[in-house]
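A short reminder: the numbers here are calculations on the coordinates, not readings from a lab. Bear in mind that the values here come from a model prediction, so they are computed numbers and not experimental data. Cβ coordinates were reconstructed from backbone atoms using ideal geometry, including for glycine residues, and neighbour counts include every protein chain displayed.
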Amino acid sequence: MKVLVTGGAGYIGSVVTWQLAEAGHEVVVFDNLYQGHAEAVHPRATLVVGDLANREQVEAVMAEHKPTAVMHFASYTLVGESMQLPFKYIGDNVRNGLNLFESALAHGVQKFVLSSTANLFGEPQTLPITEEEPLAPSSPYGQGKYILEQILHWLDVTKGIKYAAFRYFNACGATAELGEDHTPESHLIPIVLQVALGQREKITLFGNDYDTADGTCVRDYVHVLDLAEAHIRALNKLDEGHSLTYNLGTGTGYSNLEIVQMVREVTGHPIPLEFGPRRPGDPASLIAGNEKVMRELGWEPRYDLRQIVASAWAWHQAHPNGYK
Ligand SMILES: NC(=O)c1ccc[n+]([C@@H]2O[C@H](COP(=O)([O-])OP(=O)(O)OC[C@H]3O[C@@H](n4cnc5c(N)ncnc54)[C@H](O)[C@@H]3O)[C@@H](O)[C@H]2O)c1
């Protein structure tokens with residue numbers, strides 16, 4: 001299959017691109033390299049440097065490469081920033097998605113995969129969070145993703161496209177070749193690993209008075225290779241003619257303190273820590289109910305937290321300054 005991957009030079013998109021290419025698919029990556037890295041693109045994939053905001057560039061990539069499926073990872077991704085810059089997240093992220101969908105449809109694409117987010121659930125009513133949980137995005141970032149899911153829904157109803165929307169919980173871990181390199185870095189595991197690498201003095205955890213066992217926030221950490229596996233399974237499943245929406249996580253939650261403890265065990269570094277105030281909008285616990293994706297896609301998470309942290313540690317030791 002010929003797959004266009006937007007954001008395929010970024011963290012998750014590069015791993016999915018890699019897996020697609022290794023499975024024999026033809027992959028075209030469309031990325032403006034705002035957060036992405038050309039070095040992260042699989043050598044057999046074609047990298048087109050372009051911006052989804054530029055409709056002509058999007059049209060050109062569709063016309064030249066004629067993909068059969070589109071995987072849409074490219075996005076502004078910072079929840080905190082979205083509280084300051086709502087237009088960037090509800091405006092640009094949605095407009096860029098619309099540019100992509102409209103152009104892809106005009107060029108006959110009927111299959112889409114969207115990176116959505118657990119941020120759609122706000123402060124959830126039940127744990128683990130199933131696909132039946134009411135949607136209540138807790139930020140402009142989440143709201144933008146919600147709108148993109150809804151647009152795909154209506155393109156299914158009106159134009160017959162089929163799509164898979166994956167609400168990721170916390171993507172993490174690395175492969176031998178690919179790891180997480182964001183500027184700024186906002187994710188807990190790479191930040192704690194920066195302490196182990198001597199690049200930060202200590203880690204600040206936001207809040208220790210949440211309603212959780214140790215008072216720190218609980219999240220569901222899913223290895224990026226497990227995420228990639230679900231995407232590839234979904235591409236094939238869409239041929240059955242139904243759109244798909246899944247929560248994608250391991251079903252197990254770990255507190256921030258447990259993450260720090262695991263990094264201590266894996267790296268042997270004491271990881272000094274302090275507590276700061278809560279961050280506005282952080283729910284106490286987010287844990288995926290993953291029965292639906294396991295049942296329907298035959299997907300199963302293969303990596304536990306120790307393997308996730310060990311894989312990330314290996315990558316960061318080999319690339320202490322990221323891809324630079
Ligand atoms: N990392 C997580 O834990 C997580 C959790 C939930 C959802 N997501 C979603 O998954 C997707 C991938 O996340 P990631 O962590 O790999 O992010 P990332 O920033 O590493 O990758 C996004 C890529 O998109 C590119 N990009 C951004 N705007 C673009 C534009 N206008 N035109 C072309 N390219 C553009 C960036 O250069 C980057 O390479 C995002 O949509 C994100 O919202 C991520």
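Take the alpha-carbon centre of segment 202-217, take the same for segment 175-197, and report the distance between them in whole Å. The distance from the Cα centre of segment 202-217 to that of segment 175-197 comes to 20 Å.
Per-peptide packing, taken as the mean over residues of other Cβ atoms within 10 Å, places 198-205, 296-303 in the sequence 296-303, 198-205 from highest down. What is the log10 of I(q)/I(0) for segment 190-258, computed with the Debye formula using one identical point scatterer on each Cα and no solvent, at q = 0.16 Å⁻¹? Here the Debye-derived log intensity ratios amount to -0.76. Modelled spin labels at M83 and T158, positioned 7 Å past Cα toward Cβ, are 3.5 nm from each other.
Scanning residues 5 or more positions from V222 or on other chains, those with amide H under 5 Å from its amide H are N170, A171, C172, with H placed 1.01 Å from N in the peptide plane. Close amide H pairs (under 5 Å, H built 1.01 Å from N) link C217 with N256, residues at least 5 positions away or on another chain. Once you keep just the Cα pairs under 8 angstrom separated by 6 or more residues, what percentage relative contact order results for the chain? Relative contact order for the chain comes out at 19 percent. Were the residues from I147 through A318 laid out at 0.36 nm apart, the gain over their Cα-Cα distance would be 57.7 nm. Amide H contacts for M71 (H built 1.01 Å from N in the peptide plane; partners 5 or more residues away or on another chain; cut-off under 5 Å): L4, V5, T6, V113. With only the Cα atoms considered, the chain has a convex hull volume of 120 Å³ per residue. Note on K145: aspartates and glutamates with a C-alpha under 12 Å away, same-chain residues under 8 apart excluded, are D92. Compared with the alpha-carbon gap, the fully stretched path from E265 to L197 is longer by 23.1 nm at 0.36 nm per residue. The calculated FRET efficiency for R306 paired with T183, based on their beta-carbon distance and R0 = 35 Å, is about 0.80.
Report note on the peptides 250-263, 50-63: ranked by the mean count of other C-beta atoms within 10 Å, highest first, their order is 250-263, 50-63. Classify segment 245-324: rounded, prolate or oblate, from the alpha-carbon gyration tensor (a ≥ b ≥ c, eigenvalue square roots; a/c under 1.5 rounded; otherwise prolate if a/b is larger than b/c)? Note, shape of segment 245-324 comes out oblate. Axis of helix 55-65 versus longest Cα principal axis of the chain: the two differ by about 70°, to the nearest ten degrees. Cβ-Cβ distance of T252 and E56, R₀ of 41 Å, FRET efficiency by 1/(1 + (r/R0)^6): the value works out to about 0.35. Taking the longest Cα principal axis of the chain as reference, the axis of helix 256-267 is set at about 80 degrees.
Taking square-rooted eigenvalues a ≥ b ≥ c of the alpha carbon gyration tensor, is segment 168-324 rounded, prolate or oblate, where a/c under 1.5 means rounded and, failing that, a/b exceeding b/c means prolate? Verdict is oblate for segment 168-324. When each of the peptides 219-225, 307-313, 150-156 is scored by the mean number of other C-beta atoms lying within 10 Å of its residues, the order from highest to lowest reads 219-225, 307-313, 150-156.
Between R44 and R279, the simple label model (points 7 Å from Cα in the Cβ direction) yields a spacing of 3.8 nm. Which of rounded, prolate or oblate describes segment 30-158 when judged by the alpha-carbon gyration tensor and an a/c cut-off of 1.5? Prolate.
Round to the nearest 10 and give me the degree value, 0 to 90, for the angle of helix 305-318's Cα axis relative to the longest principal axis of the chain. Long axis of 305-318 versus the principal axis of the chain: about 80 degrees. Residues D226, D214, arranged from fewest to most other Cβ atoms within 10 angstrom of their Cβ, appear as D214, D226. Length gained on full extension, E22 to E123, computed as 0.36 nm times the residue gap minus the Cα-Cα distance: 32.5 nm.
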